[in-house]
1. Can you tell me which of A53, A18 is over 11 Å from the mean Cα position of the chain (by Cα) and among the aliphatic types (A, V, I, L, M)?
2. What are the residue pairs meeting all of these: first residue in the stretch 33-58, first residue under 17 Å from R14 (Cβ atoms), second residue among the charged types (D, E, K, R) and assigned to a helix (DSSP H, G or I), Cβ atoms under 9 Å, and 6 or more apart or on different chains?
Amino acid sequence: MTATELRTLRRKLRLTQAELATALGVSMNTVARWEQGVHGVPPPVVLALTHLAQTHGGPRKSRSASA
């Protein structure tokens, strides 16, 4: 996951850096460094973000769309 992808995902989830940091159990500075590309996003964090996106911010199918 690139820095830009992380930032885009965080914004799509409507989370601040501080809120995402709390959800992941890391410091806000760590999230900022990932988003700046200073450090890469570790694979376990990518998995956690993928899960978070699927459960809280992923695409949702409308039941009325097929009606």
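Every number in this text was worked out from the coordinates using simple rules, so none of it is lab data. All values reported here derive from a predicted model rather than from experimental measurement. Methodologically, a virtual Cβ is constructed for each residue, glycine included, from the backbone with ideal geometry; neighbour enumeration extends over all protein chains shown.
1. Working: A53 fails: over 11 Å from the mean Cα position of the chain (by Cα).
Only one candidate qualifies: A18.
2. Pairs found: E35/R7; E35/R10; L49/R10; A53/K12; G57/K12.
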